[in-house]
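Presented below is the structure to which this report refers.
The values are calculated or read from the model by the stated rules, or taken from the named source; none is laboratory data. As the structure is a computational prediction, the values presented were derived from the model and not from experiment. Protein only, heavy atoms only, side chains kept; ligands, DNA and RNA dropped before computing areas. Shrake-Rupley method; radii C 1.70, N 1.55, O 1.52, S 1.80 Å.
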Amino acid sequence: LIANGYKNVKLSGPALAKANKDFAESALKKGATTITESLLSMTKEPDGDDPLTIAIPKILINSFFKMTSPSYWVNDVLAKAVTGETMDQAHRRIKKDQRRMIEQLRTQRKKMLEEVESEMKKATADYSKVRRLQTNIK
């Protein structure tokens with residue numbers, strides 16, 4: 001746009017009027033394209049590189065479009081018909097199951113660490129006995 005504007009400085013009369021008209025049309029087209037691209041980029045999924053000021057609006061806009069789409073509600077109705085629970089209920093159940101499994105893993109890990117610690121204490125005690133016996137034999 002700047003280069004075209006600079007070229008138009010030299011023109012006058014009907015050539016200037018035509019150049020101004022063309023310049024205005026290209027500015028409107030380019031501006032509309034830029035605005036459209038900007039709005040469309042806001043509907044994309046946020047990625048890890050987006051700052052919060054960009055990511056939060058993207059998440060909100062994306063969520064709104066997903067929840068207002070017919071396919072969201074069709075999937076919700078189908079999920080309820082097939083599984084007997086809505087998508088929200090299924091999500092809550094899955095989260096609850098995940099928390100339960102994480103707690104089980106923590107308990108198993110704690111038990112395993114206690115067993116390892118107990119075995120290490122036994123091994124240390126046995127090693128101490130062996131060392132005492134070796135010093136007594138000498």
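Quick notes on this one:
Results for (1) part of a helix (DSSP H, G or I); (2) open to solvent by 100 Å² or more (accessible area, probe 1.4 Å); (3) at pLDDT below 80, shown as yes or no for each residue.
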position	(1), (2), (3)
W73	yes, yes, yes
V82	yes, yes, yes
K96	yes, yes, no
I102	yes, no, no
K110	yes, yes, no
M120	yes, yes, no
D126	yes, no, no
R131	yes, yes, no
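- Qualifying residues in region 28-71 (those that are modelled with pLDDT of 65 or more and of a type in the set (A, V, I, L, M)) - the one least open to solvent (accessible area, probe 1.4 Å): A55
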